[in-house]
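Before anything else, here's the structure in question.
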Amino acid sequence: MKFAKVLGIRYVPDNGGSQTNKQIKALKNGAEIVICTPGRMIDFLCKNNGRMINLHKVTYLVLDESYRMFDMGFEPQITHIVQSTRPDRQTVLFSATIPRTVEQLTLRILTKPSQATCDSLLKNLLIYGYTCLSLHGANDQMDSESAISDFRNDVSKILIATSVAARVLDVKELELVINFHVPNHYEDYIHRVGRTGRAGRKES
């Protein structure tokens, strides 16, 4: 809502609990961006035997809060939505944790996960003699907990992480967050740098 009007972009929010008639009308009028819950999108895809709406022109697919959608039992709906979009789309997936079900999904639908950059940066810093830790979605729970514990206890002062750390990491006396890849929206930036400035302390 903040940017769509200025940029001339049409968007439609399709979520459960709202009137379907208004949403259907907006979809028929066309939109560049559709924000939806899995159940409501499946409802629309199945209406009139699939003739009302399709996702064949989707070029950019974002799956946010993936682990929660799986916890709520939406795996079949997510799979259906992904399979309904064009295979050459760009896919972005966000998840605070990566349980086995979400990991299997990422291996099926992602071609270049963000963790590759994380591992590459870690390797380069280790070559130059910096003691580093790594935290990303491919780590199992034990490795993730070990990395966070070592970072909190000053075993290493450098933690390289994907945005998975933006929500789950709370380290006292953390003074500096470096965005190696600049986030593409301000909310992600706020969550990342929000690891600093806790309890009245100033952000760096």
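For the stretch 22-35, enumerate the residues that are in a helix (DSSP H, G or I) and of a type in the set (Val, Ile, Thr). Explain how you work it out, then say what you get.
First pass over the stretch 22-35, keeping only residues in a helix (DSSP H, G or I): 22-29.
Passing the criteria: only 24.
Let me ask something else. Kindly list, by first and then second residue, each pair from a residue in the stretch 44-56 that is closer than 12 Å to residue 24 by Cα to a residue that is part of a loop (DSSP other than H, G, I, E, B), limited to pairs with Cβ atoms under 9 Å and residues at least 6 apart or on different chains.
44/52; 44/53; 45/52; 45/53; 45/54; 45/55; 47/53
Right, here's the next one. Name the helices (runs of 4 or more DSSP H) wholly within the stretch 36-152 that hold at least 3 residues that are touching a helix residue (DSSP H, G or I) at 6+ places or on another chain (Cβ under 9 Å)?
Values: elements: 38-46, 66-71, 75-84, 100-109, 115-127, 141-152.
It comes to 38-46, 66-71, 75-84, 100-109.
What are the residues in the stretch 105-125 that are closer than 28 Å to residue 75 by Cβ, polar (S, T, N, Q) and open to solvent by 40 Å² or more (accessible area, probe 1.4 Å), if any? Please lay out each step first, then the result.
Looking only at the stretch 105-125, we keep the residues that are closer than 28 Å to residue 75 by Cβ, and these are 105-119.
From what is left, the residues that are polar (S, T, N, Q) are 106, 111, 114-115, 117.
Across the stretch 105-125, the qualifying residues are 111, 114, 115, 117.
Something else about it: Can you tell me which residue is surrounded by the fewest Cβ atoms within 10 Å (Cβ to Cβ) among those in the stretch 164-181 that are of a type outside the set (Asp, Glu) and modelled with pLDDT under 75? Break it down into steps so the answer makes sense when it comes.
Residues of the stretch 164-181 of a type outside the set (Asp, Glu): 164-169, 171-172, 174, 176-181.
Keeping just the survivors that are modelled with pLDDT under 75 gives 164-169, 171-172.
Details: 164: 22, 165: 24, 166: 21, 167: 15, 168: 13, 169: 19, 171: 16, 172: 8.
Selected residue: 172.
Does the stretch 126-142 contain any residue that is buried (at least 17 other Cβ atoms within 10 Å of the Cβ), out of contact with any strand residue (DSSP E or B) (no Cβ under 7 Å at 6 or more places or on another chain) and not small (Gly, Ala, Ser)?
Residues of the stretch 126-142 that are buried (at least 17 other Cβ atoms within 10 Å of the Cβ), as a first pass: 132-139.
Next, only the ones that are out of contact with any strand residue (DSSP E or B) (no Cβ under 7 Å at 6 or more places or on another chain) stay: 137-139.
Restricting the remaining residues to those that are not small (Gly, Ala, Ser) gives 139.
Yes, because at least one residue in the stretch 126-142 is buried (at least 17 other Cβ atoms within 10 Å of the Cβ), out of contact with any strand residue (DSSP E or B) (no Cβ under 7 Å at 6 or more places or on another chain) and not small (Gly, Ala, Ser).
Of the numbered conditions (1) modelled with pLDDT of 85 or more; (2) exposed (fewer than 12 other Cβ atoms within 10 Å of the Cβ); (3) under 25 Å from residue 191 (Cβ atoms); (4) in contact with a strand residue (DSSP E or B) (Cβ under 9 Å, 6 or more places away or on another chain), residue 7 fails exactly one; give the number of that condition.
The single condition residue 7 does not satisfy is (4).
What about residue 40, is it at pLDDT 85 or above, out of contact with any His (no Cβ under 8 Å at 6 or more places or on another chain) and either under 20 Å from residue 69 (Cα atoms) or open to solvent by 30 Å² or more (accessible area, probe 1.4 Å) (or both)? Give the steps one after another, and end with the answer.
Working: at pLDDT 85 or above: yes; out of contact with any His (no Cβ under 8 Å at 6 or more places or on another chain): yes; either under 20 Å from residue 69 (Cα atoms) or open to solvent by 30 Å² or more (accessible area, probe 1.4 Å) (or both): yes.
Judged against the criteria, residue 40 is a match.
The values are calculated or read from the model by the stated rules, or taken from the named source; none is laboratory data. In this text, all values refer to a predicted model and were calculated from it rather than measured experimentally. Here Cβ is always computed from backbone atoms with ideal geometry, including for glycine, and neighbour counts include all displayed protein chains. Just the protein is used for accessible areas: all its heavy atoms, side chains included, with ligands, DNA and RNA removed. Shrake-Rupley method; radii C 1.70, N 1.55, O 1.52, S 1.80 Å.
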